[in-house]
Structure formats: structure tokens, C-alpha cells
1. Filter the stretch A:61-81 for residues that are within 19 Å of the chain's Cα centre (by Cα) and either within 16 Å of RNA strand B (Cβ to nearest atom) or part of a loop (DSSP other than H, G, I, E, B) (or both) and give the result.
2. Within the stretch A:433-445, how many residues turn out to be outside any helix (DSSP H, G or I) and either modelled with pLDDT of 90 or more or surrounded by fewer than 18 Cβ atoms within 10 Å (Cβ to Cβ) (or both)?
3. Give the stretch A:104-130 a look and list any residue that's within 14 Å of A:V152 (Cβ to Cβ) and assigned to a loop (DSSP other than H, G, I, E, B), or say none.
4. Which residue pairs have Cβ atoms under 7 Å apart, sit 6 or more places apart or on different chains, and have a first residue in the stretch A:334-347 that is under 17 Å from A:I379 (Cβ atoms) and a second that is acidic (D, E) and in a loop (DSSP other than H, G, I, E, B)?
5. Has the stretch A:424-432 got any residue that is assigned to a helix (DSSP H, G or I) and within 47 Å of the chain's Cα centre (by Cα)?
6. Could we say that A:D181 is near RNA strand B (Cβ under 8 Å from one of its atoms) and either free of Cβ contacts under 8 Å to residues at least 40 places away in the same chain or in a loop (DSSP other than H, G, I, E, B) (or both) here?
7. Go through the stretch A:31-63 and give me each residue that's of a type in the set (S, T, N, Q), modelled with pLDDT of 95 or more and surrounded by fewer than 17 Cβ atoms within 10 Å (Cβ to Cβ).
8. Please give the helices (runs of 4 or more DSSP H) falling wholly within the stretch A:242-320 in which 2 or more residues are within 11 Å of the chain's Cα centre (by Cα), among the hydrophobic types (A, V, I, L, M, F, W, C) and at pLDDT 95 or above.
Amino acid sequence: MSVRVRFAPSPTGKLHIGNARTAIMNWVFARHENGTFILRIEDTDVERSSEESERGILQDLHWLGLNWDEGPDVGGPHGPYRQSERLVIYREHAERLLQEGKAFYCYCTPDELEERKQKAIAEGRSANYDGRCRNLTEAERQAFEAEGRKPVIRFHVPEVDLSFDDIVRGEVTFPAGQIGDFIILRADGMPTYNFACVVDDGLMQITHVIRGDDHLSNTPKQIALYQAFGWETPHFAHIPMILGPDRTRLSKRHGATSVEEFAKHGYLPQALINYLSLLSWSSESGEEILSVQRLIDEFDFSRVSKSPAIFDVVKLNWMNGVYIRQMDVPHLTDLCVPYLKKAGYKLPDRLVLEKIIRVVQPSLEKLEDVIAKSEMFFIDESEPENEQAVVMLNRESTQKVFWSFLRQLDTIGQMTVEQFRKIMKVVSEETGVMGKDLWMPVRIALTGKMHGPDLPLVAEILGKEKCRRLIKRWVLE
RNA sequence: GUCCCCUUCGUCUAGUGGUUAGGACUCAGGAUUUUCGAUCCUGCAACAGGGGUUCGAAUCCCCUAGGGGACGCCA
């Protein structure tokens, strides 16, 4: 049977890095197996779901380069792919369990439930649902209805051990009686996660459920449901979660956590996919820079680890830099333009622009870094970045160097890398100043910075007249 | 509290009874260079603890500790 997997986000916010990793694993596995990758929107939480979130998630998925074979926007033979459009299906399936005596109406209010739960915990008993409404008589039901109570439908969980063979965890067993009768249909008729998930996965003929291991303890509930329906259970693969540096679930307070934010800062989708893939998975080759195609070719569940991984933005930065350095200049230029425009820089013609990008390319970790790294080419004059730079400019030898430099400038035509080197050589001979004492003042005058790209390259881009102006500025009359 | 899961350098990981416990990021040092970066080289740094099993355990078993997750009319 051909592999069918799904990514089922709930549209209650941005696409989170952890969810993105789950999506990537599903997608990579599907492509590796020549299977089908399905996108399903789990919007049963009316309060928190929004169309805007759904659009954002689809956009982020596209940005990552993931494509799906079936989904809300592309359709497919098992639709609809939005849970809010499948309510009759859930209703029908809940009715069926009701008729077969595998589910029951429960009239307990949230307050009553909470109170009994607290009491149970205080007395050292299980915090699970206590089965209060499991065997209501018709009269009792009528009484509750008369009170105006709206019932939920609960699934009667059989008292048996539930175990399954998780692809990454191995055999996992939950002892009988550990799972309370859980709600499958809320009072407002909306299905709950565990129910909708099973109905959909069953009907959509999902063969492998690949998801974060925070769902591990949901799995026995879902298996009980599969068994109640008489459906074959899919294979489960619970992948470890991604944690923040403090070893807790990655959240906003750990900094950027949404794909959108990473995109905004100028991370490359290939780099993000590559990095995320390496969290809890490794290539047999031991290599770390892996193209999407290699990820697909080499993916194997046996190489997925069981322990959670901490998200390390420093390593992501390094990897993103590797991808930036590998990129050809025209392409990188295209990607940098929006950032430069946003910074308000007046862009020169394409040829010069590509020269600038080529020069700063090795120093970029993220695309947004281009703003700071290329500033010197876009502003009229850069102020010395610190006191030490000012001191350098005011040295006695510096004046000699600058005078000599300006004289030599008149002897050349256009400023080029070669001409600049030649000038510096002559200046050195003329003044006797060399090394750092020679180069640093010139660098500071031209760029304001004590560090930066190879100076001849900078000078060529700046051009003869701008070099003259910038040097002249520091010459004492 | 109950149940489930996890535990190798600071971080990501390799490792499936016999290895000087390997690699990557970070960091430090060196080479190169006018500087930073990039690049190359070198180095620092780990089997959570305790019991077993075994000639031999990072690898198998048990216990403890720590961490995570579930116990929602969230997903």
C-alpha cells in the first residue's frame, strides 16, 4: 500500500518552528516513499482558529518549499480538508458509537468536573473522568435535559491494556484503566481533537502518523477509537520535541519561533529545512550540509533519535551563512535588494550592486545583515566608529599618508583594485609608513570602521572621487 | 498525585558488547591578510548516579535522580 501522511496544523497562530519540523518530516518521508502528502486544517477550536492564521501557515509552508498533494486549497479525493467543513462526518461517526453503546451522553458541567477532579487528586485517586454519566437511566437524562443542560458525547474507553509499536519509540504500553472516558463531541457539536483526528486519519486512509511526541499519550485514546470503529490503525512515529535553551517547550520568550520571523530576518528556506532536519535526525554519512534532495534520498526513521533537541540559533546562523556563501552573486543580490530598499539605501546600477554583494557575501549570516555590512557604500560619509578610530586618524603619520594618497590619486584614471594597490605601495614608499599604520587610517577614512572587507575592493566600488572626498575630509589644511 | 517517554562534550549528534568514545556548532590558539570576515590547521570539552549480567559495557537488565509530556468541552 502506498504511503499516505498528513500534516495537520491548527490555524491558531503562526507556523511554529516545531510544527514546521513535523511538516518537514512528513513531507520528506512522503517524498522518500513516493507517497502522498496531505495538508489538513484542524480548526475545531472556533475560539482560536482564524482564516488569517490558515493563510499564514499555507504561505509559510510554501516558503519552505513544501508542496502537498491533497489539501484545502488543492482539493483531493478525501476532502474536505478543513475539519470545520466535516462536522456532519464527525456527527455521524459519533452517532454510530452511541448506537453501538461505545459512547454516551454526559451532562456534567466543566465546574462539576473540575471539582471532582481536584478532590480525586487530593485523595490520591486518578484524575480521570469518573464515569458518572456512563450508565444514566432515561429518567436521569430527561431530568438533566429539563435543567437545560447541553450534553457532550464521551467515548467509553475499554478497560484493556493499549500498546502499539512506535516507529521511533518501539513498543509502548499504557496499562488498562489509565485512560478516562474522554469527550469526542462537545456540547456545541464540535468534535474534539482526538476524535476528529482519528475519524479523518481513518477516512483519509493515512498510513503513517508522524507527529511530535507530545502526542504520545494521546495515542492510546486514538487507538481505542480505531478499534471501536473496526479500522486498521496506522503506524505511529513520535518524533522528539524541540526545546528552548532552558529545556522547556520552545515558546515566544525564547525569541523568534515562527517560520515567518525567520523568513523576515533573512534565513534561507533550504538552510532552515536543513537545520531543522538535523534536530533528532542525522545522515548516515555524518555530513550536515544536505540539500533537500539528499534529505529526501537519505531519510530513514531508524536514524531518528528519541530525545528532545534544543534549538540552537547560533548553529542555525552558521548554517544559513554556509548557504549564503554557496549562493551565486546574482541570486543573492536579488534576495538582498528588499533589505537594502527597506533600509532606505539608494541603489546603484546592477553591476555595482553585484560588486557590493560579492564583497560582503562572506560576512553575512542572515540576509538582513547586508544592511549593516554594506552601509559604507550607501551613505555619503561614515563617522569613525569609536574613539580608537579617531586616534588613528589624528596620528602624525596619517597626515603624511593622506597627503601622499591624494597626490597619487591624481595620477590614475579610474579607481580599480590594481590602482588602489599601486597607490598604497607608492604611498608606503613615499612616507615610510607601512602595515597597519598605513592601511588602518585609510580604512577608517573610507569606511568609518576598523574592520571590513578587503580595502582595494571597497575602494574600487567607492570610486576615485568618493575616495578623494573621504580622505580629504581628514586632511588638516 | 497517576501514567507514558527521555538522558553521550555547553549545544546538535555518531555509536546497537571489545573504539585513544568520532564529527559539527560555539570557544581558544595558529596559519593567511592591511583589519574583520571567509578559509585551512590544532586544541578544550561528554557516556546523569548506583547496582547487576558479562572475560569485557556508552551499548543489555534493575533502581535512583533529573528533564519532558499527558491526565482540557486546546491541539
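1. A:L61, A:G65, A:L66, A:N67, A:W68
2. Here the count works out to 2.
3. A:Y107, A:C108, A:T109, A:Y129
4. A:Y339/A:E368
5. no
6. In short, no.
7. Answer for the stretch A:31-63, where residues must be of a type in the set (S, T, N, Q), modelled with pLDDT of 95 or more and surrounded by fewer than 17 Cβ atoms within 10 Å (Cβ to Cβ): A:N34, A:Q59.
8. The helices (runs of 4 or more DSSP H) meeting that bar are A:259-265, A:269-277.
The values are calculated or read from the model by the stated rules, or taken from the named source; none is laboratory data. Note that this is a predicted model, so its numbers are computed, not measured. Positions of Cβ are backbone-derived with ideal geometry, glycine not excepted, and every protein chain shown enters the neighbour counts.
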